[in-house]
Structures are given as C-alpha cells and as structure tokens.
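Structure first, then comments.
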Amino acid sequence: MEKALMLLLAVALLSLGHTDGEENARALLKERTKRQIPKTLTVTTILEKPFAMKTESDALEGYAIDLLSELTQSLGFNYTLHIVKDGKYGSKDQEGNWSGMVGEIIRKEADLAIAPLTITSVRENAISFTKPFMQTGIGILLKKDTAAESSYMFGFLNPFSKELWIGIIISYVITSLCLFLVGRLSPCEWTEPASEQNQFTLLNSLWYGVGALTLQGAEPQPKALSARIIAVIWWLFSITLLAAYIGSFASYINSNTNHIPNIQSVEDLLKQDKLEFGTLSNSSTLNFFKNSKNPTFQMIYEYMDKRKDRVLVKTFSEGVQRVRESNYAFLGESISQDFVAAKHCDLIRAPEMIGGRGYGIAAELDSPLIRPLTIAILELFESGKLEYLRQKWWENTCSTQDQTGWVPVQPYTLGGIFLILGIGLALGLIVSFMELMCKSRSNADQQKKSCCSAFSEEIAQRFGKTQNQEGLEKKSPTSNSCDEVKA
C-alpha cells in the first residue's frame, strides 16, 4: 500500500509540469530506491591497476574504489570491501562451478563485484550486470623496440603525411603540364613555330619542375612573361616545401615518438615469427577468440591453444612483465593496456582494437540492486564524473609527451601555398592566352584576315599542322613574336 501511494504521489507531481514538481518526484523516487538497498553491502574486487591498488598503508585505491564511493554517496549505503580470494575474474569449469568474483556472487559471499569485469553472454546467464560504466576492447601490448624492430628504409617520407605527398605529386604534374602548355601558347617561347622545336617539350617541362623542386635549377630558362610567372610561383612553392620538410625531418629524428609499431593488427601477429603472443588463461579474451567465427581469430586461438603452457599467463601483471622482458605480445583489455603503456614508456599498444565490450557492476541473478545502480551510473556519466575519474587515473607523463611530440605535416598546414600555386598557374595560362591573342591580332593585320582565323592558325602551328598549313606558313611572313607582343 505504501509503495502504491508513493508511486501515485510521484506521478501526480510529474503531471504538474513544473520543474519543482519534477525535482520533488525524482527525489521521492530516489528515496524509495535507497530504501530498497540494504544498509550494508559486501563488495568484492580484484587487484588490477588502476582499478584497485594497494597503498603503502595496505588500503585500497583506484578507479573502482572511487566509483564505489560515488555510488555510496548517490544511493546511501555502506559497504565492506575485500579482494577476491582466488584472484580470478570468473570462469566456469567442466563441472559447472564458477571461480573468481563471479563464483563469490553466485555463492552469495558478496553482494556486488566492482572491477574491470567484462560483460559476456556466459556470465549474464549466471549473474546480472548493470549498464557498462566503461567501454573497452581487445588490444595488443608490445615493447617499443621489438614493435619498431624493422628498419625504416623509407623513413625519409615520414615528415610529410601521405595526403601531403599525394598533393605534392599532383601539384608537380599539373605545374609541368601548365609550363608545357604555356611554352606552346606563348609566342615569346618560339622564334619560328613552323620550323623550330619548342624548348618546353613535355620532358623538358617535367625536368624543369624537378630542378626547381630540388633548388638545383634546370634548363631551359623561360623567356615569356607567362612562363616566368609559373616558374616564380613554382620556385616559391618548392622553397616553402623544403623548409617545412627540413624542419619536420629534424623534429622526426629527435623525437621519441618514431617508434611506430610494425604490428598494427592481429593479422600482423600471424604474419611474423619473431614474437610469441598470448593472453590470460580462462579469460573473456581467450573465449572471444575461441568462440569467434572469423577465420583470422580462429587461427589466433589455435596458435594460443597449441602453446597454452608457454603463451598463456595467469595474471595481467605477468603478461605485462613478459612483454617487457622477452619477445612477447600480450592480448588483453585495451583500457588496462593503455594504463601500463602510460606508466611504462617502453611499452606501446597497437592501434587496432577488436571485440568492443564493456565493464559492468555484477550482482546475483535478477538482483533488485541492478536497476538503482544502473541509474546511478548513468547519472555519473551525464554529470561528467566518470570522465573525470578516467582522466584522474589514466593521467601520465608518457601520453603527455606523445601529444606534444612530433606529428607529420598535414595538407591543411600548407594549404596557403597550394592556393597560391593554383592562382599562379591560372594567371600564367591567362597571360599566355593574351600573348597569343596579341600575336594573332598582329598577324591578322599583316595578312589582312580575321583575328579568329589567325588565332586558329597559331594554335595549329603549335599543336600540330597539316601539309596545307605548312605551305601557307612558307608564304606567310612571320616576325619575331616577342617583339610584336612587346610592340
């Protein structure tokens, strides 16, 4: 009867449509939720950095401890906390018995398990989970010197990003083509179009672009104003690029962030034979590979199963120690790997993360604690406290150095010089057309023909001519084109 009255009162307050009424209703519902939770709960956890760690005074601290403290403030319960007796997360043996924190929940030795406990379908059949308080996945933990063991034959390309290199190549080709076209169109680059070979052939234009790009200079030298405009803009573009490359390359050499792992994914692990790899025995990571239908993941599991006595470890700390002391790659929860990679600057996590999953708070099956805990977790997420806790416990000097270290030069950094190059090429082409039109007009006046006809003949002379046009050329007097344009 009391519960029904409370619900009716809450609905009545919400129906008022006022902020005060809504807040009062939420407060009443929260008070009712607190009454449903026992005053004192038994909580189990596991020693795992940075979730739960022992201090010098033998007390516990970490992300999970802070999360538990926030939940007690929100829901108003007390707790007794202990470390799981067997030091395991929880797996099911052949007889159907559960170990670790999951086993303690099932045997009612603990009311809650607050730890980096992965939500899986097998565990969901035995216990209940809240909504995830943290998202994670399976990552690959590597040692930097083994991860970057291969020689960087093409390391000189790293100062510029791939996109920027593509942009430079495209700019070089377009500039060479524009220089070729301007050399053909501009009268100043020809003495006698009918019999002379133009100096800016396609190969000469490409060679001139390379010479300017390397600051070595190249023949032929442009004579026309239009060709000189393009040459000057390309030289300016080249000088800017070389200055940016030299600065980035010096930073790249002196930076500690050039340990780019040659193992980027689990496929790369299968392709090499220098590193052994494994994971925690009886863990959700191992079960993920075991139950996966992906052929690559099945091969990963077969590799680890055949060498389980050698590559599987009992604890996360043991896996980290093996990575640091031997040629070993450790597959495990990426969030934990990020923490150890931040604390141990000789370690690195490969970029790929597979098998996205979440950590949840566990209670017995169909426990009334799950719903209020889930609501409290969502409130902590919406208020930003979960993000604050993550930043607090994952803050480190290594990641700070990486963030402020070297990065390749991106296209947007040099976007202005690309824009100037484009404007210069367009201006050069426009000026070359104007030069050709002036020459055509001069010829039209001398030969008493239309400007369009003279312009067509000039274009034909520069880009290919017929025998009839050759005969006309012999009959038609031509003069020095540069002098006529200048006149």
**OP:** Output the number of residues of segment 77-92 satisfying the condition of being over 40 Å from the mean Cα position of the chain (by Cα) and free of Cβ contacts under 8 Å to residues at least 40 places away in the same chain.
**Re:** 3
**OP:** Scan the strands (runs of 3 or more DSSP E) fully inside segment 317-433 and keep the ones with 3 or more residues being surrounded by fewer than 21 Cβ atoms within 10 Å (Cβ to Cβ), without any contact (Cβ under 8 Å) to a residue 60 or more places away in the chain and in contact with a Ser or Thr (Cβ under 7 Å, 6 or more places away or on another chain).
**Re:** none
**OP:** Could you tell me whether any residue of segment 78-87 is assigned to a loop (DSSP other than H, G, I, E, B) and among the aliphatic types (A, V, I, L, M)?
**Re:** yes
Subject >> Residue in segment 151-160 that is at pLDDT 85 or above and of a type in the set (A, V, I, L, M, F, W, C) present >> reply: yes
Subject >> Leading residue by the ranking (modelled with the lowest pLDDT) among those in segment 88-113 that are open to solvent by 10 Å² or more (accessible area, probe 1.4 Å) and outside any loop (DSSP other than H, G, I, E, B) >> reply: Lys92
Subject >> Residues of segment 273-301 satisfying the condition of being of a type in the set (Gly, Ala, Ser) and either buried (at least 22 other Cβ atoms within 10 Å of the Cβ) or under 17 Å from Ser317 (Cβ atoms) (or both) >> reply: Gly278, Ser281, Ser283, Ser284
Original post:
Residues in segment 22-39: is at least one modelled with pLDDT of 85 or more, touching a Phe, Trp or Tyr at 6+ places or on another chain (Cβ under 7 Å) and open to solvent by less than 80 Å² (accessible area, probe 1.4 Å)?
Top reply: no
Original post:
Counting only residues that are without any contact (Cβ under 8 Å) to a residue 60 or more places away in the chain, more than 19 Å from Lys108 (Cα to Cα) and open to solvent by 40 Å² or more (accessible area, probe 1.4 Å), which one in segment 40-54 is farthest from the chain's Cα centre (by Cα)?
Top reply: Lys54
**OP:** Scan segment 368-381 and give yes if some residue there is out of contact with any helix residue (DSSP H, G or I) (no Cβ under 9 Å at 6 or more places or on another chain), acidic (Asp, Glu) and either at pLDDT 90 or above or within 29 Å of Glu109 (Cα to Cα) (or both), otherwise no.
**Re:** no
**OP:** Being among the hydroxyl-bearing types (Ser, Thr, Tyr) and within 24 Å of the chain's Cα centre (by Cα) is the filter; apply it to segment 316-354 and report the residue that is farthest from Met53 (Cα to Cα).
**Re:** Ser334
**OP:** State the number of residues belonging to segment 217-241 that are under 17 Å from Ile169 (Cα atoms) and open to solvent by 20 Å² or more (accessible area, probe 1.4 Å).
**Re:** 5
Subject >> Qualifying position, being assigned to a helix (DSSP H, G or I) and under 31 Å from the mean Cα position of the chain (by Cα), among Ser171, Ser69, Ser74 >> reply: Ser171
Subject >> Checking Trp190 against (1) within 41 Å of the chain's Cα centre (by Cα); (2) modelled with pLDDT under 80; (3) aromatic (Phe, Trp, Tyr), the condition it does not meet >> reply: (1)
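The values are calculated or read from the model by the stated rules, or taken from the named source; none is laboratory data. Because the structure is a prediction, the values reported are computed rather than measured. Cβ sites come from the backbone with ideal geometry, for glycine too, and all protein chains shown count toward neighbours. The protein model used for the area step is the full one, side chains on, heavy atoms only, and it has no ligands, DNA or RNA in it. Shrake-Rupley method; radii C 1.70, N 1.55, O 1.52, S 1.80 Å.
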